[in-house]
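The values are calculated or read from the model by the stated rules, or taken from the named source; none is laboratory data. Computed from a predicted model, the values in this text were never measured in an experiment. No Cβ is skipped: glycine too gets one built from the backbone with ideal geometry, and neighbour counts run over all protein chains shown. Please note that ligands, DNA and RNA were not included when accessible areas were found on the heavy atoms of the full protein model with its side chains. Shrake-Rupley method; radii C 1.70, N 1.55, O 1.52, S 1.80 Å.
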Amino acid sequence: MMLRAAIRGIGLWGPGLFGWAESPPVLTGAKPHDADERAPPAPLLLPANERRRAGPAVRLALTVAEAAVAMAREADPALDAARLRAVFASSNGEGAVVDDLLKTLADPAAALGVSPTQFHNSVHNVAAGYWSIAQGGQAPADSLAAHDTTFAAGLLKALAETVAEAAPVLFCLFDAKLPFPLSRCRRTDFAFAMALVLGPDAQGAAALGHIAARFEAGEAALTPPRAPSLAALVAGNPAAQSLALLETLARGERRRLAVPLVRGHLALEVAP
Amino acid sequence: MTAMPPLAITAASLVSALGRGKAATLAALRARRGGLAPNPATGIAGGGFIGRVAGIERHRLAPPLAAFTCRNNLLLDLALATDGFADAVAHAAARHGPARIGVILGTSTSGIASGEDAYRARDPATGALPENFDFAHTHDFFSAARFVQAALGLAGPAFVVSTACASSARAFIDAAQLIAAGVIDAAVVGGADTLCRMTLAGFAALGLIAPGPCRPADAARDGLSIGEAAGFMLLERDGDSAFALLGYGESSDGHHMSAPHPEALGAIAAMRDALRRADLAADDIDYINLHGTGTIANDASEDRAIAAVFGDRVPASSTKGFTGHTLGAAGIVEAVIALLVLENGLLPGGLNIARVDPAFRAQVLSANLERPISRVLSNSFGFGGANGSLIFGRQ
């Protein structure tokens, strides 16, 4: 069965891609892509205590989630972020905090043990947790992982939730850069994150694009972005698998994309 | 919101500190025999009691899957080979096709125990992890679902849900949505978490490990005991079974990363959401399996939520005094216990309770009750304020 949704808001943070508003000229090739890296801004939506405690993956995720929701709210001020369902997807979660804890646990001299804040910040759903704390509402916020197929798994789940619950869903995909030594066994050359506010695909409603997806049996290779500078980023972070989708949306094209999902793949039809 | 069609539970299995299989679990609950024992570890991961599964170390994965060897996947493999679970999945795969069955598992730390060992074996000169450390097949969050999908020969969507201690409860919800949206016809749900230094030391740092075996709902409760477990259920659209998932509810606290909401707003929202989706009233629930970790704050907050939704009309207990808090596996452990309650009419009273907290308003069971019942609600709450409530019952 085809899962259909309208895209109501987009957030983006990656090398040379500092927010969706600035990115279409780069994504369409109208402007050269200078793939420099920049740290995402501090998440001002968090209370001061939480902002101080938030790790790099949380900052990254909240930056794109907040931007996507703000964009969706421009078109539809009635959209209430505190009631918006959310699906966070990340291969590694807050890997830098996990790495730090593992170093402490391996150190026989670390008699004082681990910090309680670090421990609760190490859970995979730390970004989902801080997001819902920032919104102060009771809307569910899921958190899932599927290694190199996290983009497809997360998007499939977010689309299925949009359809099954007949409600808008925030989909936030992110992976921060891992520190050494974890960086040796899991490649993350740079931080990358994107977020989409997905809504039930009502006829006639304004949208930034439309997406239809079907899970299909059998492996398929990832459809790369058309631009070589974007295609060069795809292998550097599992979240960068979303670049072909973002490029298609920026170009206002109609395009079919395959995204691997373990032993099958997601067949996407993207349309303006 | 309209009621959801019930999803048949066509197979279930469980391995925990209570033993291997549904019969061993039922026998322990009936005899009120807990699985907690003193934690033999010393140092920052020491102290308190733990619910360990005996014999994991001796188990071996089939040679083609040997790369997945880690404590968490060994435990999952034991659960696959228990209660005829893998055979039931093979029958379902023949019926629906392997690509129409999802594998959606919850885990909070996956095979991180392997990562802990690798960090201890770092090269003293360079700090590099040992060459033979296979991150993707062990430590990685997704390793659990990838392993189970491969072991069962399935080809549908697979992913790991990791919402801390609500993980495997939320796996049911994700599966129900994928089935409702027509993506799959059946799903292997459940999950596992294994004892590791990370969680033992982390909960100790939070001051939440009880010195003795945990005693949820007791007036003098003083923390939790960590356990390990793996379990599964096979959920099928139009499946043939007397028992089903009737409803689910999910919510966030939106309050704090590790402290429950003072007014329990998230827990209340999750339970009401589950009742609505099951098209049931509060009085239709016959037993509540509490999240009931045994910490002062969790149990008090959950009691407030239960009292708000059910008053004192529904017998409720936590079974974590038996199994320990199995973290990301708690949802599936307590789902299988809910199924045992329904199948056998045995309502397990909480273990180790000398005196129920007099401030509690819910009806806390501290002794076993035998009576045939039709519907059970099970709660799971996790860090990040992630909540899941599941309703199981007769179809």
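Residue-wise test of (1) within 14 Å of another protein chain (Cβ to nearest Cβ); (2) touching a strand residue (DSSP E or B) at 6+ places or on another chain (Cβ under 8 Å); (3) within 15 Å of residue A:94 (Cβ to Cβ).
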| residue | (1), (2), (3) |
| --- | --- |
| A:31 | no, no, no |
| A:47 | yes, no, no |
| A:53 | yes, no, yes |
| A:68 | no, yes, no |
| A:71 | no, yes, no |
| A:75 | no, yes, no |
| A:80 | yes, no, no |
### Query
Counting only residues that are on the phi < 0 side of the Ramachandran plot and either under 16 Å from the mean Cα position of the chain (by Cα) or of a type in the set (Gly, Ala, Ser) (or both), how many does the stretch B:344-392 have?
23
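How many of the residues in the stretch B:35-64 are within 14 Å of chain A (Cβ to nearest Cβ) and at pLDDT 95 or above?
Filtering the stretch B:35-64 for residues within 14 Å of chain A (Cβ to nearest Cβ) gives B:41-48.
Those left that are additionally at pLDDT 95 or above: B:48.
Residues that pass the stated criteria total 1.
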### Message
Quick test for you: out of B:209, B:268, pick the one residue that is in contact with a helix residue (DSSP H, G or I) (Cβ under 8 Å, 6 or more places away or on another chain), more than 8 Å from chain A (Cβ to nearest Cβ), open to solvent by 10 Å² or more (accessible area, probe 1.4 Å) and under 26 Å from residue A:81 (Cα atoms).
### Response
B:268
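Determine if the stretch A:217-231 includes at least one residue that is within 10 Å of chain B (Cβ to nearest Cβ) and either open to solvent by 40 Å² or more (accessible area, probe 1.4 Å) or in a helix (DSSP H, G or I) (or both). Explain how you work it out, then say what you get.
As a first pass, look at the stretch A:217-231 and keep what is within 10 Å of chain B (Cβ to nearest Cβ): A:217-219.
Those still in the list that are either open to solvent by 40 Å² or more (accessible area, probe 1.4 Å) or in a helix (DSSP H, G or I) (or both) too: A:217, A:219.
Yes, some residue in the stretch A:217-231 is within 10 Å of chain B (Cβ to nearest Cβ) and either open to solvent by 40 Å² or more (accessible area, probe 1.4 Å) or in a helix (DSSP H, G or I) (or both).
Of all residues in the stretch A:116-157 being in a loop (DSSP other than H, G, I, E, B) and not polar (S, T, N, Q), which is surrounded by the most Cβ atoms within 10 Å (Cβ to Cβ)?
Across the stretch A:116-157, the extreme among qualifying residues is A:124.
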### Message
Given the condition open to solvent by 30 Å² or more (accessible area, probe 1.4 Å), part of a strand (DSSP E or B) and of a type outside the set (Val, Ile, Thr), answer yes or no: does some residue in the stretch A:170-185 qualify?
### Response
no
### Task
Among the candidates A:82, A:109, A:96, A:166, single out the residue that is open to solvent by 20 Å² or more (accessible area, probe 1.4 Å), within 20 Å of residue B:387 (Cβ to Cβ) and not basic (Lys, Arg).
A:82
### Task
With the condition kept exactly as written, say whether any residue in the stretch B:159-173 is at pLDDT 95 or above, more than 8 Å from chain A (Cβ to nearest Cβ) and surrounded by fewer than 24 Cβ atoms within 10 Å (Cβ to Cβ).
no
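Per-residue answers, yes or no, for (1) under 24 Å from residue B:54 (Cα atoms); (2) at the interface with another protein chain (Cβ under 9 Å from one of its Cβ atoms); (3) among the hydroxyl-bearing types (Ser, Thr, Tyr); (4) buried (at least 18 other Cβ atoms within 10 Å of the Cβ):
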{"site": "B:78", "(1), (2), (3), (4)": "yes, no, no, yes"}
{"site": "B:84", "(1), (2), (3), (4)": "yes, no, no, no"}
{"site": "B:92", "(1), (2), (3), (4)": "no, no, no, yes"}
{"site": "B:97", "(1), (2), (3), (4)": "no, yes, no, no"}
{"site": "B:113", "(1), (2), (3), (4)": "yes, no, no, yes"}
{"site": "B:118", "(1), (2), (3), (4)": "yes, yes, no, yes"}
### Query
Which one of the conditions (1) outside any loop (DSSP other than H, G, I, E, B); (2) farther than 23 Å from residue A:128 by Cβ; (3) open to solvent by 10 Å² or more (accessible area, probe 1.4 Å) does residue A:241 fail to meet, given that it meets all the rest?
(2)
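Condition check: in contact with a helix residue (DSSP H, G or I) (Cβ under 7 Å, 6 or more places away or on another chain) and either modelled with pLDDT of 95 or more or within 30 Å of residue B:6 (Cβ to Cβ) (or both). Does residue B:275 satisfy that?
On the way: in contact with a helix residue (DSSP H, G or I) (Cβ under 7 Å, 6 or more places away or on another chain): yes; either modelled with pLDDT of 95 or more or within 30 Å of residue B:6 (Cβ to Cβ) (or both): yes.
Yes, satisfied.
Identify, please: which residue in the stretch A:192-215 is out of contact with any helix residue (DSSP H, G or I) (no Cβ under 8 Å at 6 or more places or on another chain) and part of a strand (DSSP E or B) and is, among those, least open to solvent (accessible area, probe 1.4 Å)?
To start, the set of residues in the stretch A:192-215 that are out of contact with any helix residue (DSSP H, G or I) (no Cβ under 8 Å at 6 or more places or on another chain) comprises A:201-205, A:207, A:210, A:212, A:214.
Subset that is part of a strand (DSSP E or B): A:210, A:212, A:214.
On the way: A:210: 52, A:212: 5, A:214: 95 Å².
For the stretch A:192-215, the residue satisfying everything is A:212.
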### Task
Write out, first by first residue and then by second, each pair whose Cβ atoms fall under 9 Å of each other, whose residues are 6+ apart or on separate chains, and whose first residue, in the stretch A:132-152, is more than 7 Å from chain B (Cβ to nearest Cβ) while the second is modelled with pLDDT under 95 and open to solvent by less than 10 Å² (accessible area, probe 1.4 Å).
A:134/A:43; A:134/A:46
### Query
Does residue B:142 satisfy being facing chain A (nearest Cβ under 10 Å), open to solvent by less than 10 Å² (accessible area, probe 1.4 Å) and touching a helix residue (DSSP H, G or I) at 6+ places or on another chain (Cβ under 7 Å)?
yes
### Query
Restricting attention to the stretch B:246-260, and to residues there that are within 14 Å of chain A (Cβ to nearest Cβ) and in a strand (DSSP E or B), which single residue is farthest from residue B:180 (Cα to Cα)?
B:252
### Task
Answer yes or no as to whether residue B:255 is modelled with pLDDT under 95 and touching an Asp or Glu at 6+ places or on another chain (Cβ under 6 Å).
no
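Among the residues of the stretch A:49-72, are any polar (S, T, N, Q) and open to solvent by 60 Å² or more (accessible area, probe 1.4 Å)?
Filtering the stretch A:49-72 for residues polar (S, T, N, Q) gives A:49, A:63.
Those left that are additionally open to solvent by 60 Å² or more (accessible area, probe 1.4 Å): A:49.
Yes, there is a match, as at least one residue in the stretch A:49-72 is polar (S, T, N, Q) and open to solvent by 60 Å² or more (accessible area, probe 1.4 Å).
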